[in-house]
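These notes are about the structure you will find just below.
The values are calculated or read from the model by the stated rules, or taken from the named source; none is laboratory data. All figures in this text were calculated on a predicted structure; none of them were measured in a lab. So basically every Cβ, Gly included, is an ideal-geometry build from the backbone, and we count neighbours across all protein chains shown. The accessibility values were calculated without ligands, DNA or RNA, using every heavy atom of the protein model including side chains. Shrake-Rupley method; radii C 1.70, N 1.55, O 1.52, S 1.80 Å.
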Amino acid sequence: MVTRSSLEETELFGLRPTQEEKDHVCGIAQRILEKIRQSGKAEGMVVGSIARHTWVKGDRDLDVFMLFDPSLTREQLETEGLALARSIAAAFTDNYHEKYAEHPYINATIDDVDVDLVPCYKVESASRIKSAVDRTPFHTRYITEKINGLIDDVLLLKRFAKAGGIYGSDQMTEGFSGYLCELLVLHYGGFTPLLKAAAEWKPRTHIDVENHVAKEFDEPLVMIDPVDPKRNVAAAVSVDRMAEFVELARGYLEAPSEAFFRLPEEPPITKDNLEKILDARGTSLYAITFATPPYIEEIVVPQLKRSTLAISEYLERNGFPVHHADYRMGNEESMILVELLVSRLPAIRSHAGPPVWNRVNAEKFRAKYLTSDLPGPYIVNGRYETEVPREFQNAFDLLRSEGMLQVSLGKHVRQAFENGWKVQEGPACWSPGFAGFIGGFFGRCSPLVRMGKGE
């Protein structure tokens, strides 16, 4: 029998869905399943945390899968699946639209419940999946069969991870998915036993519940999927999120408090406060904004990450040392923030050439720069060197230049840049829609420090 503290029992009162809420959500699910049954085209199945009874009060995300005959081609699955999903959604609401993950599905709001209607193949085993979503029904069956008695522990872990800012396997968070939380609780036998184990975790921690791993993984945390030996459920977890979970586990075990279950807030910053921060730091801040590409987060966020790194490297190559850079995807507009240690440079720079004894190239280099008005070529450590004019003396001009289109931006981010981008400097970087993001940019700290537990 699982023993919980009075603090954890108190928290669970706010985490368990009420019977009224359960009846409401499950009633909608049953109505949807009946519509799918009546269509005669597919078999309906509720999956995810609602099906597994591991959903937190207020998180009304209902996932209904429509399982089609595996003899259908991929094109047929997409066409027939999307058509059925549309007809099901339209029977309940006008508020629905198409989304795209591995293939299209319909997202709808039905009586204040967020519903995903997802077509997939009805395969015999997870080893026969034809698309990634085909695996999900097997996850639901596995957890449902084994989770009895540990549901409250999963609720605690989910809120604990959310409060720590590490819940979610999306590209922005790089943290712990709901399914991973369930598996961790199952493997360690509860919330507290998990935290005691996690307090000692190190990179390359490897967990294989079914002892059936079929390939090597090199991610920081490895949890072999019990229904698919070739998949790491924890693949999305970055080394930083893993380290933050270790820190949270140690902090909670040492001094449990309700702070570990309070959801984090992103305090917005005012323009005046931003100006004061920049004056005190003596750094230069630049905001690059552009239209958000019209694709789902799973597609856009990795490209924003890649683009932020590419722009940082572009600045470094041109002599502007980057202290910190980050990105935020907005509904209409996205922003890349870059903080520089130096934003203005001299008009000249040194340009290294070949060694003098590399005769052919050395003579070409000397001849090329003999006519320059600047000193050189001269010899330093056996190589020719000269001074050349610097193309960009300040970072603002560099970030507005056409050279930005030559760096390795993500495909869709590049397309957005081709339609134009804006660069703001200093306090002018502030905007109401990104005030929380900018505040967080300058308020970086580990979860324990943020909770005031870092002393």
note: the stretch 303-400, Cα-Cα separations exceeding 19 Å make up a percent value of 56
By how many nm would the segment from residue 34 to residue 172 grow when fully extended, if each residue of separation counts as 0.36 nm and the alpha-carbon distance is taken off?
-> 46.0 nm
Rg/Rg_ref, the stretch 1-117, where Rg_ref = 2.2 N^0.38 Å and atoms are Cα = 1.24
Residues other than residue 346 with Cβ under 15 Å of its Cβ, Lys/Arg counted +1 and Asp/Glu -1, net out at 0
Using a 1.4 Å probe over the heavy atoms of the protein chains, calculate the carbon and sulfur portion of the accessible area of the stretch 121-217 as a whole percent.
-> 45
Given only helices, namely DSSP H runs of n ≥ 4 each adding -39500 (n - 2.57), what is the per-residue ellipticity at 222 nm of the chain, to the nearest 500 deg cm²/dmol?
-> -12000 deg cm²/dmol
Based on the Cβ-Cβ distance of residue 298 and residue 370, what FRET efficiency does E = 1/(1 + (r/R0)^6) give at R0 = 60 Å, to the nearest 0.05?
-> 0.60
Over its alpha-carbon atoms, the chain yields an Rg and a Dmax in Å of 27.2, 86
Stretch gain in nm, segment residue 9-residue 262, where the contour uses 0.36 nm per residue and the Cα spacing is subtracted | 89.6 nm
Folded to 0 to 90 degrees: helix 239-254 orientation relative to the chain principal axis, Cα | 60
Honestly the stretch 223-309 on the Cα gyration tensor test (a ≥ b ≥ c root eigenvalues; a/c under 1.5 rounded, otherwise a/b vs b/c for prolate or oblate) is just oblate
Peptide ranges 47-59, 432-444 listed from the most packed, as the mean C-beta count within 10 angstrom indicates = 47-59, 432-444
Tilt relative to the chain, helix 6-15 - C-alpha long axis, 0 to 90 degrees, to 10 | 90
If r is the Cβ-Cβ distance from residue 238 to residue 309 and R0 is 25 Å, what FRET efficiency results, to the nearest 0.05?
-> 0.95
Run a plain Debye calculation on the stretch 370-450 (Cα atoms as equal point scatterers, no solvent) and give log10 I(q)/I(0) at q = 0.10, 0.17, 0.21 Å⁻¹, rounded to two decimals, same order as the q list.
-> -0.54, -0.92, -1.08
Share of accessible surface on carbon and sulfur in the stretch 13-98, whole %, 1.4 Å probe and ligands ignored, is 46
Please report, in Å, the Rg and the Dmax of the stretch 146-284, where both are computed over Cα atoms only.
-> 17.6, 57
Can you send over the solvent-accessible area of residue 174, 1.4 Å probe, protein chains only, in Å² to the nearest 10?
-> 40
Relative to a virtual label point 7 Å from the Cα of residue 144 in the Cα→beta-carbon direction, which members of the stretch 33-47 show backbone nitrogen distances below 12 Å?
-> 44-47
Accessible area of residue 109 in the full protein assembly, 1.4 Å probe (Å², nearest 10) | 50
Under 5 Å between amide H atoms, partner at least 5 residues away or on a different chain: which partners does residue 410 have, H built in plane at 1.01 Å?
-> 307
Nearest-ten-degree value, helix 359-369 long axis tilted from longest Cα axis of the chain | 80
Pairs 202/305; 196/411; 162/230; 305/368; 22/162; 41/305: which exceed 32 Å Cα-Cα?
-> 196/411; 305/368; 41/305
Could you state the accessible area per residue of the chain in Å², with a 1.4 Å probe and every protein chain left in place?
-> 50
